[in-house]
1. Does the range 73-87 contain at least one residue that is within 16 Å of the ligand (Cβ to nearest atom) and over 22 Å from ASN159 (Cβ atoms)?
2. Just for the range 220-235: of the residues that are over 17 Å from the mean Cα position of the chain (by Cα) and either crowded, with 21+ Cβ neighbours inside 10 Å or without any contact (Cβ under 8 Å) to a residue 24 or more places away in the chain (or both), which one is farthest from HIS91 (Cα to Cα)?
3. So, in the range 234-255, exactly how many residues are in a loop (DSSP other than H, G, I, E, B) and modelled with pLDDT of 95 or more?
4. So in the range 237-269, with the set limited to residues that are away from the ligand (no atom under 16 Å from the Cβ) and among the charged types (D, E, K, R), which one is surrounded by the most Cβ atoms within 10 Å (Cβ to Cβ)?
5. Residues that are modelled with pLDDT of 95 or more and under 28 Å from LYS49 (Cβ atoms): find the strands (runs of 3 or more DSSP E) completely inside the range 90-207 holding 2 or more of those.
6. Which members of the range 100-136 meet the condition of being away from the ligand (no atom under 12 Å from the Cβ), out of contact with any Phe, Trp or Tyr (no Cβ under 6 Å at 6 or more places or on another chain) and not polar (S, T, N, Q)?
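The values are calculated or read from the model by the stated rules, or taken from the named source; none is laboratory data. Just so it is clear, the model here is predicted, and its values are computed rather than measured. Ideal geometry is used to build each Cβ from the backbone, glycine not excepted, and the neighbour counts take in all protein chains shown.
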Amino acid sequence: MKTILIGAASDLGIHIDGARLAPKMLLNDLASFYQGESIILEQDNSIIKSRTLADKRKNQVELQRYNENLYKTVKKYLEEGYFPITVGGDHSISIATALANSKKNENIGMIWLDAHADYSTFSTTESGNLNTLSLAAINNYKCGELGSFHDGNFIPTKNTVVIGVNKIAPWEKENVKYSGITVFTMEDIKKQGIEAIMNQAFAIASEKTNGIHISYDLDLLSPKVATGVSIPEENGLTEEETMEIITNILKQVDKITAFDLVELNPTRDLNRKAEQVAVNILAKTIMAIEKK
Ligand SMILES: [Mn+2]
């Protein structure tokens, strides 16, 4: 299958700057290896970001405007028969990519790999960073307005799986509970092993669906390995475990219809290790999709 690398150069979903710099860097790193097409959607540089803690809808208008454009772009490539691999940007860009995937394929599942559940709502978010609402928005759980540009099905909660959660606030836990999505914590991964968790996730996400969206947040990596994300969490994965997850995803490559890699923040990536892991993930994924 032909791939398109889409750089989603936005960090409007978080008060910390830097994630918007990742696509250009990663596409550059891949240039000698990748022969396919690519495009970068830049964030409007006249935007002055809101960073006030009290603002629970930080940069909402700008974020929705950016995501509407990204949504249209991803949808267009899907319609033309490409497999979109989107490189973020902060995790809010997945609202656009996942809903575009859902629009094209009508009924899809979601596997969200992340140290956070990204399941806050406008009233429960502590930071007011809208990337903390990303997955809830994709499920139309109390904040579907973040996907107001979308005129199709949202992704059903019964086909939505989060893997790797390390930190969850009590009120976010309540949202997760009422929504009906499935969550596997980092502890579950350590207990059951990566392969067992990935098999369960694929079974849930593929049940009566036409495809699966993969959204991979680099904050799953332990900060002991790599520091290059905006909000790192302790007890993350090793580099080997990270690649084992990708191997397990690519074993089921026929089921996946789009892939996002998000949250690399080059300004925090002290030893450039997160960048290196990101390149490895992308290279492996590109090769598998091209054979598909
Ligand atoms: Mn995330």
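1. Within the range 73-87 (the criterion being within 16 Å of the ligand (Cβ to nearest atom) and over 22 Å from ASN159 (Cβ atoms)), the answer is yes, since at least one residue qualifies.
2. LYS224
3. Number of matching residues: 3.
4. Checked the range 237-269; the qualifying residue surrounded by the most Cβ atoms within 10 Å (Cβ to Cβ) is ASP269.
5. 109-113, 160-165
6. Within the range 100-136, LYS103, LYS104, GLU106, ILE108, GLY109, MET110, ILE111, PHE122, GLU126, GLY128 qualify.
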